[in-house]
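Take a look at the structure below.
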Amino acid sequence: MGYMSFSVASGAPKPVRRKLLREITPTGVERVVGEDEIIVSKTDLKGSITYCNDVFMRLAGYREGELLGAPHSIVRHPAMPRCVFKLLWDTLEQGEEIFAYVVNLGKDGAHYWVLAHVTPSYDAAGKIVGYHSNRRAPNRRVLDEVITPLYRTLLEEEARHKNRKEGIAASTEMLFALCRDKGMPYEQLVHAL
């Protein structure tokens with residue numbers, strides 16, 4: 001799995017390809033996002049990080065040079081259902097904002113939960129040029145009682161299928177069925193929890 005880092009030799013960022021040196025194994029150690037902390041990052045249209053704040057670097061355990069140019073998926077935890085990311089990207093590509101509970105994986109294998117708010121970023125002509133994400137501490141009760149069991153079920157559904165695409169489609173349908181049962185779209189469901 002490769003990622004980009006930036007080298008500033010001529011004053012302008014130049015992408016340089018590097019390989020991630022190792023797979024990261026989750027340790028089960030949890031870092032807690034402080035109630036007054038906000039994690040901020042920006043990406044280009046392909047999800048490569050173009051900005052990250054100090055809170056993001058501290059919680060993820062990476063230096064700025066390791067994150068800039070890297071795919072945001074560098075912090076993807078294997079306990080995160082792929083269907084949630086598909087929903088996120090589909091929503092953003094339509095020019096809409098999205099809120100989602102996300103578990104991220106730090107460089108050392110520790111994890112941290114967030115409530116993410118991701119929005120498209122526009123240029124002066126109104127064209128989407130990237131994405132902006134603010135993440136805050138999640139509601140622990142909602143996390144423990146709703147999100148963790150739901151994500152476990154979605155992951156199990158994804159794993160039941162030999163083909164990754166079929167697994168994502170099946171778990172996405174499960175998520176949308178839950179929304180239909182609750183009588184609200186996903187965005188309202190997240191806010192109602």
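For the reader, a short list of remarks on this structure follows.
- Listed residues 109, 65, 130, most fluctuating in the chain (Gaussian network, C-alpha, under 10 Å): 65
- Gyration tensor (alpha-carbon) shape descriptor, the range 52-141, a/c threshold 1.5: oblate
- Ordered by 1.4 Å accessible area with all protein chains kept, 51, 62 run largest first as 51, 62.
- Dipole of the range 57-162 [Lys/Arg +1, Asp/Glu -1 at C-beta], most positive-end residue of 84, 95, 137: 137
- Charge dipole (debye, nearest 20) of the range 38-193; +1 at Cβ of Lys and Arg, -1 at Cβ of Asp and Glu: 280 debye
- Correct option for P(r) over Cα pairs in 10 Å bins from 0, in percent [calculated from the coordinates] among [x] 9, 33, 38, 17, 3, 0; [y] 9, 37, 39, 14, 1; [z] 8, 30, 32, 21, 7, 2, 0: [x]
- Along the chain, the exposed loop sites are GluC sites (Glu not before Pro) outside DSSP states H, G, I, E and B with at most 16 other Cβ atoms within 10 Å, and the longest stretch free of them is 98-193.
- Each stretch of four or more DSSP H residues adds -39500 (n - 2.57); spread over every residue of the chain, this sum gives -9500 deg cm²/dmol at 222 nm.
The values are calculated or read from the model by the stated rules, or taken from the named source; none is laboratory data. What you are looking at is a predicted structure, and each value in this text was computed from that prediction instead of being measured. Cβ coordinates were reconstructed from backbone atoms using ideal geometry, including for glycine residues, and neighbour counts include every protein chain displayed. Only protein heavy atoms, including side chains, enter the accessible area calculation; ligands, DNA and RNA are left aside. Shrake-Rupley method; radii C 1.70, N 1.55, O 1.52, S 1.80 Å.
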